[in-house]
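Notes follow the structure.
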């Protein structure tokens with residue numbers, strides 16, 4: 001676009017970036033305008049706060065349409081213009097984020113995850129369900145500490161919200177066990193952010209379930225043995241899928257022995273208890289121990305990659321658990 005000169009280099013060529021809501025100089029990259037407002041866009045703003053915009057479909061003016069649009073004739077009327085601005089500001093914090101999270105889930109995950117998450121998103125990311133006696137803040141508001149200067153813009157917040165919600169539902173055994181580390185790494189999310197906001201969501205859902213009789217889904221703690229068995233089974237199936245894409249000799253023999261070792265570790269024994277080990281850590285250690293015992297050439301790096309560990313992160317679990325796994329073979 002051409003217009004006035006750039007204040008830095010004097011160039012007249014500027015390019016609008018509708019995603020970030022900025023207008024930048026083509027030559028030097030100077031940001032001429034930022035946080036632009038587009039009144040014809042349903043989100044109003046682009047960039048950091050675009051997920052906090054209104055979604056209600058009412059209109060101010062003569063033409064029935066979207067609330068985010070005002071007729072040219074009504075702009076000339078000071079009263080109508082003031083009313084439109086007041087209603088737009090009053091609706092800035094509505095449930096657009098929940099809709100964005102649903103679209104993110106539909107794009108990345110299977111339908112069983114999306115269907116189970118709808119009620120949780122309705123409770124956590126909209127104000128339509130009254131909190132009642134619950135004094136906790138909604139996860140919607142607890143995620144506002146993410147700032148775009150840290151690279152955590154609206155897209156990052158929506159992705160963290162989607163992953164954290166599915167992590168919480170997985171802890172309630174409402175969805176198949178969610179192997180979230182690979183998803184978080186592929187989206188460029190910090191694992192600590194996902195864990196922290198999963199705790200917010202899980203705690204809020206439990207409190208809302210106890211305080212309301214009309215919440216159908218049971219957001220309550222499940223027996224740890226049930227959750228652990230589900231996790232071990234899902235991780236074993238993920239191991240099977242991963243080995244299909246790797247050149248590993250005697251793959252079926254390895255999988256059969258790993259499955260048998262995992263089942264034996266669930267039995268009581270005087271040699272030691274591995275019940276406190278995380279399911280992904282335990283499955284990784286068993287896989288590596290079985291491969292070493294059978295003489296199958298699979299390295300520690302490959303096992304760490306399958307279970308989303310660093311190579312050095314396998315050393316301590318191996319020292320702690322390998323002798324117990326071998327003793328209970």
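Conditions tested, residue by residue: (1) touching a residue at least 40 places away in the same chain (Cβ under 8 Å); (2) under 30 Å from residue 301 (Cβ atoms).
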| residue | (1), (2) |
| --- | --- |
| 211 | yes, no |
| 217 | yes, no |
| 224 | no, no |
| 230 | yes, yes |
| 235 | yes, yes |
| 240 | no, yes |
| 254 | yes, yes |
| 257 | no, yes |
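Which condition number in (1) surrounded by 17 or more Cβ atoms within 10 Å (Cβ to Cβ); (2) more than 18 Å from residue 125 (Cβ to Cβ); (3) touching a residue at least 24 places away in the same chain (Cβ under 8 Å) is the one that residue 264 fails?
Here residue 264 meets the rest and fails (1).
Can you tell which of 196, 181, 202 is in contact with a helix residue (DSSP H, G or I) (Cβ under 6 Å, 6 or more places away or on another chain), in the same structural domain as residue 131 (by TED's automatic domain parsing) and in a helix (DSSP H, G or I)?
202
Take the residues in the stretch 133-152 that are in a loop (DSSP other than H, G, I, E, B) and modelled with pLDDT of 85 or more, then tell me which one is nearest to residue 170 (Cα to Cα).
We begin by selecting, within the stretch 133-152, every residue in a loop (DSSP other than H, G, I, E, B); these are 133-138, 146-147, 151-152.
Still in the running and modelled with pLDDT of 85 or more: 133-138.
Details: 133: 26, 134: 23, 135: 24, 136: 22, 137: 22, 138: 20 Å.
Here the answer is 138.
Quick check: is even one residue across the stretch 85-94 modelled with pLDDT under 85, closer than 25 Å to residue 209 by Cα and surrounded by 19 or more Cβ atoms within 10 Å (Cβ to Cβ)?
no
Which helices (runs of 4 or more DSSP H) sit wholly inside the stretch 219-329 and have at least 3 residues that are in contact with a helix residue (DSSP H, G or I) (Cβ under 8 Å, 6 or more places away or on another chain) and under 30 Å from residue 116 (Cβ atoms)?
Per the criteria, 224-244, 251-265, 279-294.
Return yes or no: is residue 327 under 25 Å from residue 224 (Cβ atoms), in contact (Cβ under 8 Å) with a residue 24 or more places away in the chain and surrounded by fewer than 13 Cβ atoms within 10 Å (Cβ to Cβ)?
Yes: the conditions hold for residue 327.
Considering only the stretch 97-131, how many residues are modelled with pLDDT under 85 and in contact with a helix residue (DSSP H, G or I) (Cβ under 6 Å, 6 or more places away or on another chain)?
Residues flagged as modelled with pLDDT under 85 and in contact with a helix residue (DSSP H, G or I) (Cβ under 6 Å, 6 or more places away or on another chain) within the stretch 97-131 amount to 5.
The values are calculated or read from the model by the stated rules, or taken from the named source; none is laboratory data. Because the structure is predicted, anything quoted here is derived from the model rather than measured. So basically every Cβ, Gly included, is an ideal-geometry build from the backbone, and we count neighbours across all protein chains shown.
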